[in-house]
Amino acid sequence: MTRFYKEIIWQADKKTCPYPEALSFMRQQVEAIHHQQAPQRIWLTEHPPLYTAGTSARAEDLINSQGYPTFEAGRGGQWTYHGPGQRIAYVMLDLTQPHGPLPARDIRAFVQLLERWLIMSLQELGIDAFTREGRIGVWCFDRESGLETKIAALGIRVTRWVSWHGISLNVSPRLSDFEGIIPCGIRDYGVTSLQRFNPALQMEDADRALLKSWTALFGPVIHPAATPAD
């Protein structure tokens with residue numbers, strides 16, 4: 001039984017999931033993982049267009065001329081956009097145990113390794129990415145503008161040493177939708193996507209890169225027969 005709870009399920013939706021359903025599912029999973037009643041889980045999904053507020057979100061950073069739904073996420077960070085073409089990876093891990101190079105009960109190292117996971121995944125897709133001191137997220141030099149732009153975001157929450165929420169990677173979202181917020185409170189930088197670098201890249205390419213980089217960094221995962229959204 002102990003081995004079961006140390007396993008990590010990896011699953012990827014092929015359709016969008018309503019955000020309230022995602023929050024409800026994560027809450028259930030966090031509780032079950034804490035009580036060792038469910039395996040850990042990496043859940044890749046997409047959402048309809050919406051904005052989520054982290055615990056540091058400021059009302060003045062929400063513009064939302066599109067009138068998209070807004071939600072209190074409960075994660076750290078500020079405003080974030082989610083929508084079709086953006087790969088969300090919800091990371092539900094028992095942080096009381098180590099995972100590859102991640103020590104037990106080290107939230108700072110956890111965040112740094114999530115950033116490293118994204119950077120490794122982007123390298124797999126031919127994109128050089130990096131972090132910047134004082135800025136949340138993962139960045140790159142946009143192929144069209146040549147400027148530093150955000151290509152991936154992070155926002156996590158840890159409840160009784162179980163993580164939830166996670167990362168978002170811009171594959172092919174409508175970038176104009178990001179204009180409805182000041183992303184993560186940062187006003188001076190834009191956002192970009194995988195398809196700005198290579199129009200042939202699809203969600204499946206991003207998923208393969210995320211999986212390959214995860215297993216290289218943290219270790220093997222298990223694929224389920226179905227996803228929560230099915």
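The values are calculated or read from the model by the stated rules, or taken from the named source; none is laboratory data. Predicted model, so just to flag it, every value in this text is computed and none were measured. Virtual Cβ from ideal backbone geometry, glycine too; neighbours counted across all protein chains shown. Accessible surface is based on the protein model in full, side chains and every heavy atom, while ligands, DNA and RNA are left aside. Shrake-Rupley method; radii C 1.70, N 1.55, O 1.52, S 1.80 Å.
Would you please name the residue that is farthest from the chain's Cα centre (by Cα), looking only at residues in region 3-37 that are aromatic (F, W, Y) and open to solvent by 20 Å² or more (accessible area, probe 1.4 Å)? Per the stated criteria, the residue is F4. Just one residue in the set G76, G67 is open to solvent by less than 30 Å² (accessible area, probe 1.4 Å) and not in a strand (DSSP E or B); that residue is G76.
Taken over region 103-114, residues that are farther than 24 Å from T45 by Cα and either of a type outside the set (A, V, I, L, M) or touching a residue at least 40 places away in the same chain (Cβ under 8 Å) (or both) amount to 4.
Scanning region 39-54 for residues that are open to solvent by 10 Å² or more (accessible area, probe 1.4 Å) and either over 24 Å from E179 (Cβ atoms) or assigned to a helix (DSSP H, G or I) (or both) yields P39, R41.
Does any residue of region 136-147 turn out to be open to solvent by 30 Å² or more (accessible area, probe 1.4 Å), modelled with pLDDT of 95 or more and under 30 Å from E31 (Cβ atoms)?
No, region 136-147 contains no residue that is open to solvent by 30 Å² or more (accessible area, probe 1.4 Å), modelled with pLDDT of 95 or more and under 30 Å from E31 (Cβ atoms).
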